[in-house]
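Notes for the one structure printed next.
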Amino acid sequence: MSFANIIFLFVFLPVTLLLYCVSRKEHRNLVLLAASLVFYACGEPRFFFIMLLSILCNYYLALAIERFSWKKLFLCLSILYNLGVLFLFKYLGFSVSAFNFLFHENIPVMEIALPVGISFYTFQSMSYVIDVYWNRVKAEHNILNLGLYISLFPQLVAGPIVRYHSIERQIKDRIFTPELFGAGAKRFMCGFCKKVLLANNLANVADCFFENPSMENTVVGAWAGAVSFSLQIYYDFSGYSDMAIGLGKMLGFEFEENFNYPYISKSVSEFWRRWHISLSGWFRDYVYIPLGGSRVSVPRHILNLAVVWLLTGLWHGANYTFLMWGFLYFVALVAEKYIIRPERKKSRCFTVVYRLLALAYVNFGWVLFHSDNVRAGISYCLSMIGFYPGNAVIDLPTIRILREYSVFLAIGILFATPVASRLSGKLTGKLLLVEKYILPVLYSTGFLWAVSYLILGAHNPFVYFNF
């Protein structure tokens with residue numbers, strides 16, 4: 001089930017909130033667990049048992065780590081189970097295809113559907129068991145509490161990836177107040193508008209140009225498509241994260257932020273400190289630092305970065321495009337760390353130029369990310385620099401599309417920067433009228449406008465549901 005769904009908005013969520021509010025404090029976790037299981041079962045009935053099995057296996061293996069001396073054995077079993085399930089559903093077909101290509105075999109490739117959110121809840125489960133092994137947290141003895149942590153519906157299918165130690169106290173004893181509920185509702189409406197009004201309309205622009213043959217795209221059109229997809233995936237994923245964080249607040253949970261205006265970054269390295277923060281932090285804490293991090297020799301550090309970015313690419317999907325996408329970031333981060341070192345440059349001119357180059361690099365990366373295969377991605381990138389004879393600078397169809405969606409592009413670019421939020425913060429702090437009357441009206445109007453898009457049946461997929 002998706003948050004941007006009429007049934008979720010007007011049936012599932014109101015019923016869940018009503019039952020949650022009227023329940024006694026000691027029964028609220030049970031209500032949330034039941035609601036979370038229903039939420040997942042409605043969206044993925046075929047794979048419901050996979051998530052239940054994940055809860056059971058990780059629960060008992062964490063208890064075994066705490067109680068018995070063969071801790072490393074049970075940790076390895078947990079990692080093998082979690083990665084094994086992920087491999088079976090996400091990477092088996094890709095691995096067989098790669099094997100056939102490399103060794104000229106013809107092994108049949110099984111088409112296995114991917115359970116929604118499996119990468120997210122699997123990583124959460126693994127982090128819990130690893131933290132128990134490292135004595136960062138104690139094993140949870142109440143299986144209902146652990147089941148709630150793994151299946152909690154606000155962040156179940158597309159993150160943010162929540163660590164057990166960050167919400168352990170909240171699962172057992174959290175504050176549920178009208179003020180927190182109101183703040184969560186505003187955050188949810190903001191994320192909902194990001195997704196439905198901005199991401200969906202920007203997707204229309206991106207599709208117009210990505211569906212054209214690269215040799216026929218105009219240069220302006222190719223860039224418009226790339227920029228639109230960059231904004232689309234940002235508003236799609238950050239919008240979902242906003243909705244998840246908002247729903248968490250409405251229920252008394254405080255989730256960590258997942259985005260921090262990544263498109264204002266001064267370098268590619270900074271971009272990844274601002275984009276999908278929960279995933280970056282997961283790979284840092286559970287892969288990069290255990291490998292030695294940066295406190296090793298230069299060759300070993302480069303190897304550590306290569307491993308992290310190979311896994312980051314693979315996490316996003318079983319396709320050569322994602323591997324190449326991860327490789328591009330590995331190259332950029334190594335270059336920034338050992339050659340360019342942008343943080344040491346004091347020149348304002350260099351800072352401005354390098355910021356633009358980093359943003360362009362990210363855009364080229366998103367083109368590859370969006371493409372069906374590496375060849376199509378490279379071909380589209382070439383059209384962005386006018387490589388093909390048929391690549392005119394601009395034409396009338398391009399102008400028509402840009403004119404039709406100009407408002408969404410302008411708003412998308414504006415809200416990808418902190419300008420609007422800073423202005424809102426200043427006005428809210430100085431004008432009580434803005435805080436009490438104008439902002440609630442704006443939130444409500446935007447929400448109703450977005451709901452009208454759903455009622456009219458607008459195309460509404462979440463990009464990160466694929467992962």
- Message: Condition (residue is over 30 Å from Val15 (Cα atoms), surrounded by 19 or more Cβ atoms within 10 Å (Cβ to Cβ) and either hydroxyl-bearing (Ser, Thr, Tyr) or in contact with a Gly (Cβ under 7 Å, 6 or more places away or on another chain) (or both)) applied to region 60-79: is it met by at least one residue?
- Response: yes
- Selection from region 371-413 of residues that are among the charged types (D, E, K, R) and in contact (Cβ under 8 Å) with a residue 40 or more places away in the chain: Asp372, Asp395
- Item | Hits in region 24-72 - residues which are over 18 Å from Val157 (Cα atoms), at pLDDT 90 or above and hydroxyl-bearing (Ser, Thr, Tyr) | Tyr59, Tyr60
- Checked region 73-112 for anything among the charged types (D, E, K, R) and either in the same structural domain as Gly317 (by TED's automatic domain parsing) or free of Cβ contacts under 8 Å to residues at least 24 places away in the same chain (or both); matches are Glu105, Glu111
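Give the residue that is farthest from the chain's Cα centre (by Cα), with candidates limited to residues of region 156-170 that are part of a helix (DSSP H, G or I) and over 12 Å from Glu254 (Cβ atoms).
First, the residues of region 156-170 that are part of a helix (DSSP H, G or I): 164-170.
Among the residues that remain, those that are also over 12 Å from Glu254 (Cβ atoms) are: 164-165, 168.
Details: Tyr164: 18, His165: 21, Glu168: 22 Å.
Looking at the filtered set, the residue picked out is Glu168.
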- Do we find that Asp236 is acidic (Asp, Glu), closer than 21 Å to Val407 by Cβ and touching a helix residue (DSSP H, G or I) at 6+ places or on another chain (Cβ under 7 Å) in this structure? yes
- Which listed residue is farther than 20 Å from Leu146 by Cβ, surrounded by 14 or more Cβ atoms within 10 Å (Cβ to Cβ) and out of contact with any Gly (no Cβ under 6 Å at 6 or more places or on another chain), from Val129, Val96, Val85, Val22: Val96
- Query: Considering region 72-129 alone, what residues qualify as being among the aliphatic types (A, V, I, L, M) and within 23 Å of Asp285 (Cα to Cα)?
  - Reply: Leu73, Leu75, Leu77, Ile79, Leu80, Leu83, Val85, Leu86, Ile118, Met126, Val129
- Note on the structure: Of those in region 382-440 that are in a helix (DSSP H, G or I), of a type in the set (D, E, K, R) and surrounded by 12 or more Cβ atoms within 10 Å (Cβ to Cβ), the residue modelled with the highest pLDDT is Glu404
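The values are calculated or read from the model by the stated rules, or taken from the named source; none is laboratory data. Treat the numbers as computed from the prediction; the structure is a model and nothing was measured. In this analysis, Cβ positions are derived from the backbone assuming ideal geometry, glycine residues included, and neighbour counts consider all displayed protein chains.
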